[in-house]
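Undergrad: Here it is, the structure in full.
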C-alpha cells in the first residue's frame, strides 16, 4: 500500500514547504499572428438542398437479414443486411480483409463498387429493384 507521504511527494515533486510549481501549459503564449475572420453562409434552408436518389429512397429491413457477399474473384462472405432501398443496400460483413470495391454480388443481385460506412458497407444495385418487390418479404 502506498503511504500518504509518497503520494504527497509525487504531487508536490518532493519539495517540502516550497511553493508548488504551476503545471506546464500547452497553450502558446503571445500569439502575434493576426487572426483571419472566416465567414460562412449556410444554405437558406435544408429544403433547398436537393437529396440524391439513394438518400431519399424509402428504406426497409427484410424479414431475413442474412445474405452473402460475392467478390469479383468468386469468394463468398456472410453478411447481415442493415437496410435496403429500391436503389441499394447497406450490409454488415461478418469477415474483414476485403474492400468494398471487391464485391460484385450481394445475394444474387449485381452491385456497383460500394463504399465503407461506420457499420459496414453500402452498395448500389446495377438495376434498381422493382417497387412491387420492395418489402419485408424480399430475399437477396
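FYI, it's all coordinate maths here, none of it is from the lab. If you're wondering where the values come from, they're calculated on a predicted model, not measured in any experiment.
Undergrad: Compute for the range 58-124: radius of gyration divided by Kirkwood radius, i.e. Rg/Rh, restricted to C-alpha atoms, rounded to two decimals. It would help to have the intermediate numbers written out before the result.
TA: Details: Rg = 10.6 Å, Rh = 11.6 Å.
Using Cα coordinates only, the ratio equals 0.91.
Undergrad: For the range 91-140, max minus min Cα coordinate along each principal axis, in Å, sorted largest first?
TA: Rounded to whole Å, the extents work out to 35, 19, 17 Å.
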